[in-house]
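Presented below is the structure to which this report refers.
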Amino acid sequence: MSISVEINDNTSSYDKLRELCKENVIYFSTDERNGSTAISNCFEQLFENIGTIKPLVYELRNICHLYDFDPSIPGNGYRSYVTVVDLFIAHCIKICNQMTINRNSFFFRKAFYTKEIESCNQVMSALVLCLENLCLLIGWSEPGMLFAGNDTAALELMMKIEPSKLCPFYGRCLAFQFNESLQPALKTIAIMMAAFSEVYYNENGMLARANTAWNCSKYMLNPELRARRIVNVIQYSSIEFYKAFLFLGETELLKSLPNLVSPVVAVNRLISIPSKPILYLKPDGQLFELQPPMCHTGPASLNVRLIAKTKREGMLAENLGSGILPEPCDNLIIHCHGGGFVSQSSSSHESYLRDWAVRLEIPILSVDYSLAPRAPYPRAREELLFAYVWAINNAAYLGSTAKRVIMAGDSAGGNLSACVALKCIEMGFRIPDSLFLAYFPCAIAWSPTPARFLSLIDPLIPLGFMTNCLKAYACPPDIYQDSLYEYKLKNIAKPKDGAKDNFIEEVESSEEALELIQDTKKDSQSTITPVEEVIMTAHEHRQSRRFSTMLTETAENISSAITTTFITLTGGTAEEYISDSEDALNEVVEETPLPIDLPKLPEDPFLSPYFASDDLFKELPPVHIVTVHMDPCLDDCVMFAKRLKKLGKKVKMDILKGLPHGFLNLAITCKEAHEGSVLCAQRIAELFKEIEESEVNFI
């Protein structure tokens, strides 16, 4: 059963909000207290913005059905933006109702609500601009096509939106388009990004970095300051900053979370595949020698992680005991993690992989491919193909017969999985029996789609991050270059004089800070066992609550402690520091035009599977796609599925509501994300069942 969002005509909500605005204008225009005029003006502007956006929403609502994969599974970028506006109208109604209830109270916080309505106005104005551009995009695309025909003009539409107009999406209205249970986690990530950027770009030594880390609570106290900082980071930072930030998820503390909240597995082991040629017997009987990946970084061993609920016969392991082990499983999942081609690992995806391994009772092999920009295309794809062939040849070591093999990947990993399947078709190798792809980009290109416009307001994969990732992976090293304007992010916030001294080793550059994070990751990662000495050991883990709601409570306590400690260290107040930082940040918020002439990306089917020929597409195995309505890659998934359907291939699709891109990584922090992960496991089980049924029918 597919999960989707129905787009209904919610004009009554728009009319209700306009009535609330009119009623508040009348109330505050007759109120003689200070600040009443300002809040009345805010409501007048909001009233006008509603009148402007309503016909734009009506236009998109009338055509969005033309771009769906299937009438029973409605979903595309146009629908998503209609949903975004509908959700924001509901958000505004909620705030207006709160004001109406509290405005006569002696404790009514007029200044607070004025900022809330100002923020709503700014978001509404930005949404008007986005919808106007989407209406233009309709005319530049062929009927039913979500990729724009005029790539350059469409890209200019997206990239010429002033960054300052996007600030409100990262302030008070952050993550309004997602489930309420997810919003605290997304807000925490945004605060961490803003605070980490100060640590990363501070060049005054580790003491200054420590002070910056302590006073990061200002981003919790001042949403506007946080928004401006994040928008500047999105606009100017290089891919190395994003890599460093995402590597925080590889720290020992966060890596230990799966031990607390994920199911217990008997096998969780890193294996090192040597960089040696593999003799592979192709389905046609020919013996093929597959060379190890060599491009860009030369020969190197390849790490893979085996996760299994139980030890099985044939697995190389110690402490097998005297009992009889289960026979090898006929099924095998080869997994490729996401991370924008530039970050993350099998370890950072371990939380949901453990759950899948327990639910499905199938061994999972997750590949730690090399990351861009150090190892751009085609290194990662070559490594995944190498790991796939090695797994087929050595399935017994993995506790499987590899009779049925599914390749599964999310985000960048989904792209790589599809590309490897196409490469297997071209080379005459055994094709995976099915593909499971989650929220993946099928076209590594600058072609804007309606869904990619969501990256303008997405807190997890904003436009700057997406373009940097594509450049880092798809461009050769001599063409790829870091941000030209990264210097603007340095020295924004300086520690106040008089901070207590500490003997802390200084790190003199942001590059060294990244190296420290990466070194820590290397030192703390699991022991890697060469394939010749594979030893599987059982881990005893303590089972805890399914969803770690205590993390949010702990974050709030830490925030309070940070503020108190900061005041003690500096002898000042948080408000003084916020004021100083805000003034400094305002000086840096200069509109530096970003270059539109991005490097040309090749239409290589093994880089962008959507560009593969019909002959290759017709040979693809059954595919199941899971994506979300608020995903900038939604239209990629829809177009990939539509093309498979047009060619008569087996393809199914789920479009989930209220979840962000990358929701699998949030499965241990949010009930809805966990339910989405469970659905993914169910879809994989269904794929295996269909493979078994086809075998019976073939016999």
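Can you name every residue in region 283-296 that is in a loop (DSSP other than H, G, I, E, B) and out of contact with any helix residue (DSSP H, G or I) (no Cβ under 7 Å at 6 or more places or on another chain)?
Pro283, Asp284, Gly285, Gln286, Gln291, Met294
For the structure I just gave you, tell me whether Tyr439 is within 23 Å of Arg305 (Cβ to Cβ), among the aromatic types (Phe, Trp, Tyr), surrounded by fewer than 24 Cβ atoms within 10 Å (Cβ to Cβ) and out of contact with any Lys or Arg (no Cβ under 9 Å at 6 or more places or on another chain). Quick ask: steps written out before the conclusion?
On the way: within 23 Å of Arg305 (Cβ to Cβ): yes; among the aromatic types (Phe, Trp, Tyr): yes; surrounded by fewer than 24 Cβ atoms within 10 Å (Cβ to Cβ): no; out of contact with any Lys or Arg (no Cβ under 9 Å at 6 or more places or on another chain): yes.
Considered against the rule, which asks whether it is within 23 Å of Arg305 (Cβ to Cβ), among the aromatic types (Phe, Trp, Tyr), surrounded by fewer than 24 Cβ atoms within 10 Å (Cβ to Cβ) and out of contact with any Lys or Arg (no Cβ under 9 Å at 6 or more places or on another chain), Tyr439 comes out as no.
Check whether at least one residue in region 273-285 is modelled with pLDDT of 95 or more, more than 20 Å from Tyr397 (Cα to Cα) and of a type in the set (A, V, I, L, M, F, W, C), and report yes or no.
no
Since Gly340 meets every condition but one in (1) in a loop (DSSP other than H, G, I, E, B); (2) within 21 Å of Ile425 (Cβ to Cβ); (3) not hydrophobic (A, V, I, L, M, F, W, C), which condition does it not meet?
The failed condition is (2).
Here are some residues: Asp355, Asp330. Which one is surrounded by fewer than 23 Cβ atoms within 10 Å (Cβ to Cβ) and not in a loop (DSSP other than H, G, I, E, B)?
Residue meeting the stated conditions: Asp330.
Could you list, in sequence order, all residues of region 646-699 that are assigned to a helix (DSSP H, G or I) and among the aliphatic types (A, V, I, L, M)?
Leu664, Leu666, Ala673, Val678, Leu679, Ala681, Ile684, Ala685, Leu687, Ile691, Val696
Report, by residue number, each residue of region 160-187 that is among the basic types (Lys, Arg) and in a helix (DSSP H, G or I). Step through it out loud before you land on a result.
Kept after step one, since they are among the basic types (Lys, Arg), are these residues of region 160-187: 160, 165, 172, 187.
Scanning region 160-187 gives Lys165, Lys187.
Of the conditions (1) in the same structural domain as Ser36 (by TED's automatic domain parsing); (2) among the charged types (D, E, K, R); (3) modelled with pLDDT under 90, Asp151 clears all except one; give me its number.
Answer for Asp151: the failing condition is (1).
Within region 617-629, identify whether any single residue is within 22 Å of Leu454 (Cα to Cα), part of a helix (DSSP H, G or I) and modelled with pLDDT of 95 or more, and answer yes or no.
No, because not a single residue in region 617-629 is within 22 Å of Leu454 (Cα to Cα), part of a helix (DSSP H, G or I) and modelled with pLDDT of 95 or more.
The values are calculated or read from the model by the stated rules, or taken from the named source; none is laboratory data. Since the model is a prediction, treat every value here as computed from it, not as a measurement. Heads up, the Cβs are rebuilt from the backbone with ideal geometry, glycines too, and the neighbour counts pull from every protein chain shown.
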